[in-house]
Amino acid sequence: MSGSNVNDMNLSIEMVMTPLPVDTANASDSTFDLAKKMKEKGRGAVVVTEYSAATAGSKASNLPVGIITERDIVRRVVAESKDPKTTAAHHIMSSPLITVGPEATVYDAALIMTKYSIRRLPIVRDNTLLGIITSSDLARRMYERNKADPSLKAMSRFADVEKLGE
């Protein structure tokens, strides 16, 4: 990670983001399968993709179209007494997907995440998923710049603490 002398107004998001592979799911996957996958991989979210056939001048790809978090599963499946085995991802995903391009800065990402009250921001270029930045990534960056702050240290290690609880 870059040193503390780099200003976040200019620091590329690519220096802080979690690069591929990012956990994804098909829009038709069941919520049950998604929850199982998230548990097995220790993830709090998956990016939902839809297959796009090749057209003139482009290749076939999986387009990022939404995101599902543990919170979405609780609120949109469990709390509404839906069957997770028959509820497809596209029924509960947050969409349209809020994304940012790889040219964005850490500051840009923080502003977007604050504006939309989201904790995960996929990085996308030309409808292709490149990575994701999370609030934990931003907290880690802040900690790198301010190592003496115990609150930031605790926030940057939150993902590690979550894994211990499993």
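So Glu14 passes all but one of these: (1) surrounded by 12 or more Cβ atoms within 10 Å (Cβ to Cβ); (2) modelled with pLDDT of 90 or more; (3) assigned to a helix (DSSP H, G or I). Which condition number does it fail?
Here Glu14 meets the rest and fails (2).
Between a first residue in the range 32-44 that is closer than 17 Å to Pro21 by Cα and a second residue that is of a type in the set (Phe, Trp, Tyr) and at pLDDT 95 or above, which pairs have beta carbons less than 8 Å apart while being 6 or more apart in sequence or on different chains?
Pairs found: none.
When Arg125 is evaluated against the numbered criteria (1) among the charged types (D, E, K, R); (2) over 21 Å from Gly66 (Cβ atoms); (3) without any contact (Cβ under 8 Å) to a residue 40 or more places away in the chain, which criterion, by number, is the only one it fails?
Here Arg125 clears every test but (2).
For Gly3, which of the numbered conditions (1) modelled with pLDDT under 75; (2) assigned to a helix (DSSP H, G or I) fails to hold?
(2)
Give me the pairs, please: first residue somewhere in the range 130-142 and closer than 18 Å to Thr99 by Cβ, second residue anywhere and in a strand (DSSP E or B) and at pLDDT 90 or above, beta-carbon distance under 6 Å, and either six or more positions apart or on two chains.
Listed by first residue and then by second, the contacts come to Leu130/Ile123; Gly131/Ile123; Ile132/Arg120; Ile132/Pro122; Ile133/Leu121; Thr134/Arg120.
State yes or no: is Glu80 under 25 Å from Met9 (Cα atoms), among the acidic types (Asp, Glu) and surrounded by fewer than 18 Cβ atoms within 10 Å (Cβ to Cβ)?
Values: under 25 Å from Met9 (Cα atoms): no; among the acidic types (Asp, Glu): yes; surrounded by fewer than 18 Cβ atoms within 10 Å (Cβ to Cβ): yes.
When the stated conditions are applied, Glu80 does not pass them.
State which residue pairs qualify: first residue within 25 Å of Ile123 (Cβ to Cβ) and inside the range 85-100, second residue β-branched (Val, Ile, Thr) and in a loop (DSSP other than H, G, I, E, B) in any location, beta carbons under 7 Å apart, and separation of 6 or more residues or different chains.
Ile98/Ile118
Residues in the range 105-121: is at least one without any contact (Cβ under 8 Å) to a residue 12 or more places away in the chain and surrounded by 12 or more Cβ atoms within 10 Å (Cβ to Cβ)?
Yes: one or more hits.
When the range 94-118 is examined, which residues are found to be within 18 Å of Gly131 (Cα to Cα) and part of a loop (DSSP other than H, G, I, E, B)?
Ser95, Pro96, Leu97, Ile98, Thr99, Gly101, Pro102, Glu103, Ala104, Ile118
May I ask you to verify whether Lys85 is in a helix (DSSP H, G or I) and modelled with pLDDT of 95 or more?
Answer is no for this residue.
Hey, can you tell me all the residues within the range 91-112 that are modelled with pLDDT of 95 or more and in contact with a Ser or Thr (Cβ under 7 Å, 6 or more places away or on another chain)?
Ile92
The values are calculated or read from the model by the stated rules, or taken from the named source; none is laboratory data. Small disclaimer: the values here were computed from a predicted structure and weren't measured. Positions of Cβ are backbone-derived with ideal geometry, glycine not excepted, and every protein chain shown enters the neighbour counts.
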